[in-house]
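In what follows, a single structure is set out as structure tokens and then discussed.
Nothing in this text is a laboratory measurement; each read-out follows from the coordinates by a stated rule. Remember, predicted model here, so these are calculated numbers, not experimental data. Glycine also receives a Cβ, built like all others from the backbone with ideal geometry; neighbour counts cover every protein chain displayed.
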Amino acid sequence: MRVVVRAACAMAEHGWSFADDDPSVGATRGGVTGVPAVMWGPSIVGYGELHYVYESGREGDMPRVGFSPRGASTSLYGLFGHPGTDELLAQLGKHRRAVSCLYVNKLAEVDLCVLRELVTLGWAASAAP
């Protein structure tokens with residue numbers, strides 16, 4: 001329970017939410033995932049769980065979608081690399097991409113409807129077959 005409470009505090013502080021039942025007005029107001037947020041380590045707020053295995057045999061778990069409020073920007077996880085994301089990213093607004101995450105400086109600089117579509121697509125694409 002402590003982990004869920006910490007996640008709720010982090011979301012409320014930064015105005016982000018991907019869950020249907022979260023009352024905060026966030027990037028995906030109204031929710032997408034339908035599951036509660038959980039802290040993954042000290043700074044990542046994640047939704048759902050995805051198990052991965054690399055060709056090398058290394059494996060682990062990560063949230064299906066998530067975010068981490070950091071100093072200058074917020075890191076978003078699980079939102080690209082799926083069919084259709086390149087078109088949405090072109091419409092998103094000001095952002096930066098890295099190997100596995102998307103960086104947004106301020107919510108006011110992105111189209112929240114497009115961000116919601118990215119979360120929806122990332123959530124659906126990471127579902128177990």
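Can you tally the net charge around Ala72? Count Lys and Arg as +1, Asp and Glu as -1, for every other residue whose Cβ sits under 13 Å from the Cβ of Ala72.
Residues near Ala72 contribute +3 overall.
Using Stokes-Einstein with the Kirkwood hydrodynamic radius over Cα pairs, what translational diffusion coefficient do you get for segment 81-129 at 25 °C and a viscosity of 0.890 mPa s, in µm²/s rounded to a whole number?
Translational D for this selection: 217 µm²/s.
How much length is gained if the chain between Glu59 and Gln91 is pulled fully straight, taking 0.36 nm per residue apart and subtracting their Cα-Cα distance, in nm to one decimal?
8.2 nm
Stretch Leu112-Val99 to full length: gain in nm at 0.36 nm per residue minus the Cα-Cα span?
Length gained, Leu112 through Val99: 2.5 nm.
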